[in-house]
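Novice: Pasting a structure here, questions to come.
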């Protein structure tokens, strides 16, 4: 039988559908081994997903907590400002130290009924005055005594108005080697000359400040828009009522009564206990009766209001705790804080190593199969496509399983940390993005890890591949 | 160098390709000064040291020799599975070294069949899928491939077991599937590396008979690296390799007469 002469032509490529069929066939046959690979990938991805979940949760909770506690912090700041003694130094520092956008400036200008230009002048002078006051405060006792005798605070400036005192100050300053006065001495002289004007401006402000608290309340926090002013006023009222209740715990009679009511020792009556007691309106009614009996101020507290406050306070406390817990989150490479960003990167590394190892194993143990396929006429490209496809499929399965597992673990842990707050601040979009990233990482890493060994294997002459095994 | 035949006069020498009885036969494989050395951990091993050989179409050649004599290496060179360190391999006057990877794949797919001692079936494919894999690589449409695959399985007597996976079959059956696979494109050359090495006597005999049948009925050139003495009954020519060189080439008739003596010589 005569044979045709051998003619050599280029080998066609294996069709994609057929390649997929062969790959799926192979995975089905090596189900256990493929499952192990998938599990390895899933665990690696789950590790990363867990960290990502933590990161996105912290980020979301931090944003919410900052939002929720912003009102409280604003109210606390105003309360502190209103209760501070209105000394000239305090006012100077308040104005001199405030940034240009600080609402306090606006409030002060309105309080003092000052023109814009006059107020700007006051502000500049206040900044200089604060620098000088800092200098005198920071100077040692002996140096200070040499320079300004026993004058303190803004009295220093009044004292230095006399030429003799100013000369004495200049001499002393020259002698005190270590002192660095914040401005050149002649300039300071000129500034002192303008001081009485500043002083009168400030006096006007200070006079207005006498009724500052009332005025601010009456003005309805003019620096804020109406909505914010309402919020701040409400928060201020709440803060006051909460303080009233908590102070009552310090009154011996009330404390004893509550201890008897709760059947605990008086020493164990903590603020938390008190608030838990108040959560039920009937108990709150009893407590308010005790307040009245002890002649303790109760403000406009009623049983319903007390119970509401108790719930409110619990919520606020939780948010405050959450805010503190997430205080170090933010910034960093992914906006999740430097520490968290490192964790994410490290987990990505672990993920990469785990997947590479799994894929390397899966390719190298099949050198013989690759060699056989080459003997049967497979192109290098077809073999690589086969293995990369398999890697992608395993990576996809592992990535999906891993992101699910990681989400469960991650959000489970976050539920333990933040409890019900998580429901309010569940970062759904960020979670979806993180899931996508994790799956993508699984697929890409698996494909990358599969490319190199399959490239090596596909390039080997078939017999060498068999010999390696 | 030339491996001068040491056989008695009338032996088909490697440098004298003309076979008087087969005027129509062409030279299908020609090797010229074939050398191959492996470098492993800094030690150079010379597996082939200048082999010149010519093989005609339709011949059944047995390559014999002790282990380490270079049989498998020679076989790989001829099959385009490995590249020689120096020297050339011509398959039907085509220099294998000149072929691109894509053309080599074509050659391996359609023109050369391979049979291994380890069978090397793809474990996750059924017998039929194994047989049709080379056809898939060649771009044959699935229906044609299936029909031809069943036909080939019928030829090796495994038509009823087409859906079995390799692990569900005996060694002899696996080897028969491997033979069916190697015949997928009716190759001109069938390279067998110890085809009976992993089989018992009886199945080995069946495989050899099958090979012989393919040789006579289809005119396939068969090159068989083997230790199996039964091969002597089937082959047209024998080639002895020793230390990477052709020690002797002889026609079967000559060997049969002096078989005892040769054994004495080679052992």
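The values are calculated or read from the model by the stated rules, or taken from the named source; none is laboratory data. Note that the structure is a prediction, hence the values are computed from the model and not measured. Neighbour counts run over all protein chains shown; Cβ positions are idealised from the backbone, glycine included.
Novice: Of all residues in the range B:166-194, how many are under 29 Å from residue B:104 (Cα atoms) and not in a helix (DSSP H, G or I)?
Specialist: 12
Novice: I would also like to ask the following. Within 15 Å of the chain's Cα centre (by Cα), under 24 Å from residue B:212 (Cβ atoms) and facing chain A (nearest Cβ under 9 Å): does that describe residue B:186? Before you say what the answer is, go through the steps one by one.
Specialist: Details: within 15 Å of the chain's Cα centre (by Cα): yes; under 24 Å from residue B:212 (Cβ atoms): yes; facing chain A (nearest Cβ under 9 Å): yes.
The answer is yes for residue B:186.
Novice: Pick out, from the range B:31-104, the strands (runs of 3 or more DSSP E) lying fully within it that include 3 or more residues that are farther than 22 Å from residue A:8 by Cα and either out of contact with any helix residue (DSSP H, G or I) (no Cβ under 7 Å at 6 or more places or on another chain) or in contact (Cβ under 8 Å) with a residue 12 or more places away in the chain (or both). It would help to see each step written out before you state the result.
Specialist: Values: elements: B:43-56, B:60-64, B:86-91.
Result: B:43-56, B:60-64.
Novice: On the basis of being within 18 Å of residue B:222 (Cα to Cα), assigned to a loop (DSSP other than H, G, I, E, B) and within 11 Å of chain A (Cβ to nearest Cβ), does residue B:107 make the cut? Walk me through it before giving the result.
Specialist: Values: within 18 Å of residue B:222 (Cα to Cα): yes; assigned to a loop (DSSP other than H, G, I, E, B): no; within 11 Å of chain A (Cβ to nearest Cβ): yes.
Taking the combined requirement at face value, the residue does not satisfy it.
Novice: Then there's this: For the range B:110-120, which positions are more than 8 Å from chain A (Cβ to nearest Cβ) and either in contact with a helix residue (DSSP H, G or I) (Cβ under 6 Å, 6 or more places away or on another chain) or free of Cβ contacts under 8 Å to residues at least 24 places away in the same chain (or both)?
Specialist: Matches in the range B:110-120: B:113, B:115, B:119.
Novice: A further question follows. Which of the residues that make up the range B:195-240 are in a loop (DSSP other than H, G, I, E, B) and within 14 Å of chain A (Cβ to nearest Cβ)? Explain how you work it out, then say what you get.
Specialist: Of all residues in the range B:195-240, those in a loop (DSSP other than H, G, I, E, B) come to B:195-200, B:219-220, B:226-230, B:235-236.
Matches in the range B:195-240: B:219, B:220.
Novice: Take residue B:73 and tell me if it is under 15 Å from the mean Cα position of the chain (by Cα), buried (at least 22 other Cβ atoms within 10 Å of the Cβ) and within 9 Å of chain A (Cβ to nearest Cβ).
Specialist: Details: under 15 Å from the mean Cα position of the chain (by Cα): yes; buried (at least 22 other Cβ atoms within 10 Å of the Cβ): yes; within 9 Å of chain A (Cβ to nearest Cβ): yes.
The answer is yes for residue B:73.
Novice: Pairs, please: C-beta under 6 Å, at least 6 apart or cross-chain, first residue touching a residue at least 40 places away in the same chain (Cβ under 8 Å) and in the range A:263-291, second surrounded by 15 or more Cβ atoms within 10 Å (Cβ to Cβ) and part of a helix (DSSP H, G or I)?
Specialist: Pairs that qualify, where the first residue is touching a residue at least 40 places away in the same chain (Cβ under 8 Å) and the partner is surrounded by 15 or more Cβ atoms within 10 Å (Cβ to Cβ) and part of a helix (DSSP H, G or I), are A:291/A:248.
Novice: I've got another one for you. Considering only residues of the range A:1-27 that are under 53 Å from the mean Cα position of the chain (by Cα) and within 7 Å of chain B (Cβ to nearest Cβ), which is modelled with the lowest pLDDT?
Specialist: Top of the filtered list is A:18.
Novice: If we scan the range B:126-149, do we find a residue that is in a helix (DSSP H, G or I), farther than 20 Å from residue A:372 by Cβ, at the interface with chain A (Cβ under 10 Å from one of its Cβ atoms) and in contact with a helix residue (DSSP H, G or I) (Cβ under 9 Å, 6 or more places away or on another chain)?
Specialist: Yes, the conditions are met somewhere in the range B:126-149.
Novice: Would the range A:346-368 turn up any residue that is within 14 Å of chain B (Cβ to nearest Cβ), in contact with a strand residue (DSSP E or B) (Cβ under 9 Å, 6 or more places away or on another chain) and buried (at least 19 other Cβ atoms within 10 Å of the Cβ)?
Specialist: no
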